[in-house]
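The values are calculated or read from the model by the stated rules, or taken from the named source; none is laboratory data. Bear in mind that the values here come from a model prediction, so they are computed numbers and not experimental data. For neighbour counting, all protein chains shown are included, and Cβ atoms are generated from backbone atoms with ideal geometry for every residue, glycine included.
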Amino acid sequence: MAGATRNTKQKQAVYEALTRLDHPTATQVYACVHTEHPTLSRGTVFRVLGAFAAEGRVRRVTLADSDTRYDHTLAPHAHGRCRVCGRVCDIFLPDYASIARGAICGGFHIDGCEVEFTGVCGTCSKGQMRGSAEEISKEKENEGTQGHQDV
Ligand SMILES: [Zn+2]
Ligand SMILES: [Zn+2]
């Protein structure tokens with residue numbers, strides 16, 4: 001019984017770290033858990049994360065050029081990765097959920113999806129604006145819709 005209680009506490013600690021962090025990698029979860037629970041080993045944290053993913057309690061997110069990340073937001077959503085700071089943001093698009101949950105396209109039965117957009121997050125775009133607001137407004141006049149070309 002003592003073992004089961006310890007397991008529950010370990011799971012709680014890992015889950016709390018997940019909710020506090022923003023799409024963390026397993027290593028980031030471990031670093032966060034470790035500060036409050038120094039006795040929790042890296043192996044245990046990784047094992048608990050694997051169990052959560054298997055149970056469907058967290059979503060494993062695989063993005064380009066990044067280690068696997070863990071997401072406690074289970075509602076279907078896409079991700080945006082900031083080109084400047086690397087932050088991963090949730091993007092909720094209209095129609096995305098209904099497609100992700102089971103559309104059939106050209107005979108292909110969709111049962112899940114991983115969509116990654118690239119761009120600049122709110123914080124970084126504000127920072128750029130603050131840095132040289134006048135410059136940017138001049139650039140915008142000259143360059144028009146350049147920022148949308150990647151899509
Ligand atoms: Zn950013
Ligand atoms: Zn997410």
query: How many residues does the stretch 1-47 hold that are surrounded by 14 or more Cβ atoms within 10 Å (Cβ to Cβ), part of a helix (DSSP H, G or I) and in contact (Cβ under 8 Å) with a residue 24 or more places away in the chain?
result: 10
statement: The residue that is nearest to ligand 1 (Cβ to nearest atom), considering only those in the stretch 92-123 that are farther than 17 Å from Ala64 by Cα, of a type in the set (A, V, I, L, M) and surrounded by 12 or more Cβ atoms within 10 Å (Cβ to Cβ), is Leu93
- request: Considering only the stretch 48-75, state which residues are part of a helix (DSSP H, G or I) and either within 14 Å of ligand 2 (Cβ to nearest atom) or surrounded by 12 or more Cβ atoms within 10 Å (Cβ to Cβ) (or both).
  value: Val48, Leu49, Gly50, Ala51, Phe52, Ala53
task: Filter the stretch 65-91 down to the residues that are within 16 Å of ligand 1 (Cβ to nearest atom) and assigned by TED's automatic domain parsing to the domain that holds Glu16, then identify the one that is nearest to the chain's Cα centre (by Cα).
output: Arg69
